[in-house]
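Every number in this text was worked out from the coordinates using simple rules, so none of it is lab data. Please read all numbers here as calculations on a predicted model, not as lab measurements. Heads up, the Cβs are rebuilt from the backbone with ideal geometry, glycines too, and the neighbour counts pull from every protein chain shown.
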Amino acid sequence: MIGAPNTQPSNSCPSNTGTAYVFLSNALTPDQPTGYALEPSTPGGLYGWSMAAAAGTRLFFVGENGRTINGVASAGQVWVYMVN
């Protein structure tokens with residue numbers, strides 16, 4: 001897992017949107033991990049600032065500490081992803 005909070009993930013997104021990269025291994029091909037680039041649904045606030053994984057599960061957490069929530073500047077939020 002790699003967080004890149006100051007990246008511009010695509011041409012349609014402003015800079016400092018952020019990207020989170022997750023790499024998963026496969027028992028059949030351990031030397032060829034599958035990579036995922038995760039992006040927020042809307043630009044907001046340093047997505048990928050922090051990241052975590054829940055041990056023994058396929059849950060990943062991506063922090064976005066600069067997001068404004070209900071008028072509160074830099075309130076932040078956590079995005080939760082589950083890999084099937």
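Which FRET efficiency value, to the nearest 0.05, do you get for VAL83 and THR42 by plugging their Cβ-Cβ distance into 1/(1 + (r/R0)^6) with R0 = 35 Å?
0.95
Note the per residue figure in Å³ for the convex hull of the C-alpha positions in the chain.
Hull volume over Cα atoms, normalised by residue count, gives 105 Å³.
Rank by packing, highest mean first: peptides 69-80, 41-52, 25-36, with packing defined as the count of other Cβ atoms within 10 Å averaged across residues. Spell out each step's value before the answer.
Working: 69-80: 11.8, 41-52: 18.1, 25-36: 9.2.
Output ranking for 69-80, 41-52, 25-36: 41-52, 69-80, 25-36.
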